[in-house]
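Written out below as structure tokens is the structure these notes cover.
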Amino acid sequence: MTAAGRVAVVTGGGAGIGRSIAERLAADGFKVAIVDVDESAALETAGSIEKAGGEARGYRADVSDRELVDAALSAARSDLGALSVVVANAAVAPQQAFLEMTPQQWNDTLAINLTGTFHTVQSALPDLVEAGWGRVVLISSSSAQRGAPNMAHYAASKGGQLALTKALAVEFARTGVTVNTVAPSSIDTPSVYKKREAGAIPSAEAMAKFIPVGRTGTGEDIAAAVSYLVSDEASYVTGQTVSVNGGSFIG
Ligand SMILES: NC(=O)c1ccc[n+]([C@@H]2O[C@H](COP(=O)([O-])OP(=O)(O)OC[C@H]3O[C@@H](n4cnc5c(N)ncnc54)[C@H](O)[C@@H]3O)[C@@H](O)[C@H]2O)c1
């Protein structure tokens, strides 16, 4: 019974993939703390999980701000109990041609996607180590594995998560804490719909032609991989990247 009495934190859990992960972990039996810069989205997701019979709370924090992350996780501890699972999912995915990218744009993306991951994991990890059991899952991207035009800052931040996963996996290997990454590709979420409407990315049908399984992915596809990685059964899996991408970019 992996989930019984355990608390999972999901950053960026107010929307998209993070919301699917929060819903799945709640259905698995975890108490879920949803941390999002969009407080109403965090509270709405938590409310919807509670209506479905799960236990969840929503907290506002911008993951690039350490004090806010510490405060949100402290509130989660006092509301739900010591933390056992951390899913660092919150990110932004801006597009900008490299030669026009400003240092500010670079720094802002790294601050949320990579330093935000550092803040989230470092703030939560003492609970996991203390308990002698824990699961850390970072949500990276296929952009870190194959590159992405006009997204050098994003791809670099996501590559940093892959390296961080390996470093933490070996540093904490003897503590009962595993650290893994899920690398999604072409997952349909509200933010993807918005980019499609703006013409910034191709339609789902056009993308599906280039995906071996013949469809784009869902938040539930990613949540299923996370559900496995945070289970007791996955205790011998650490430092790994699980690519959930419909068979794209193998190798
Ligand atoms: N959708 C895809 O196809 C895809 C592909 C590869 C990787 N990913 C990764 O999956 C994760 C989720 O992506 P998504 O498509 O669901 O994104 P999304 O934009 O739909 O949702 C992101 C959530 O994170 C929150 N957030 C944004 N900045 C934040 C901050 N500074 N602090 C706290 N919360 C913040 C948002 O409010 C939102 O609720 C990201 O790490 C992304 O890089 C997504």
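Read-outs: derived from the displayed coordinates by stated rules, not from any lab. As the structure is a prediction and not an experimental result, all values here were calculated from the model. Using ideal geometry, Cβ is built from the backbone for each residue, glycine included, and neighbour counts are taken over all protein chains shown.
Descriptive notes on the structure:
- The Cα atoms of the range 3-87 define a convex hull whose projected area, averaged across directions, is 4.5 nm².
- Spherically averaged projected area of the chain from its Cα convex hull (nm²): 13.1 nm²
- Between 0 and 90°, nearest 10: helix 116-131 axis offset from the chain longest Cα axis: 30 degrees
- Farthest towards the positive end of the charge dipole of the chain, among the residues T165, S248, V63, is the Cα of S248, using unit charges on the Cβ of Lys, Arg, Asp and Glu.
- Percent of alpha-carbon pairs separated by more than 19 Å within the range 108-164: 35 percent
- As a proxy for reagent exposure, ranking D79, D188 by other Cβ atoms within 10 Å from fewest up yields D79, D188.
- Under the Karplus curve 6.51 cos²θ - 1.76 cosθ + 1.60, θ = phi - 60°, whole-Hz ³J(HN,Hα) for the range 203-211, x wherever Gly or Pro sits: 5, 4, 5, 5, 5, 4, 4, 9, 9
- Under-5 Å amide H pairs with Q240, H placed in peptide plane, nonlocal only: T181
- For the range 118-251: Kirkwood Rh in Å [reciprocal of mean 1/r, alpha carbons]: 15.9 Å
- Integer Hz, Karplus 6.51/-1.76/1.60 couplings in order for the range 186-202, x for Gly and Pro: 6, 9, 6, 9, x, 5, 5, 4, 4, 5, 5, 4, 7, x, 6, 9, x
- The lysines within cross-link reach of K195, meaning a Cα-to-Cα straight distance under 20 Å and a gap of 8 or more places when in the same chain, are K158, K209.
- P(r) tail fraction, the range 56-182 - alpha-carbon pairs more than 20 Å apart, %: 46 percent
- In the chain, helices alone account for a calculated mean residue ellipticity at 222 nm of -13500 deg cm²/dmol, with every DSSP H run of four or more residues adding -39,500 (n - 2.57).
- Straight-distance crosslink candidates among lysines, where the alpha carbon sits under 25 Å from K31 and sequence neighbours closer than 8 are dropped: K51
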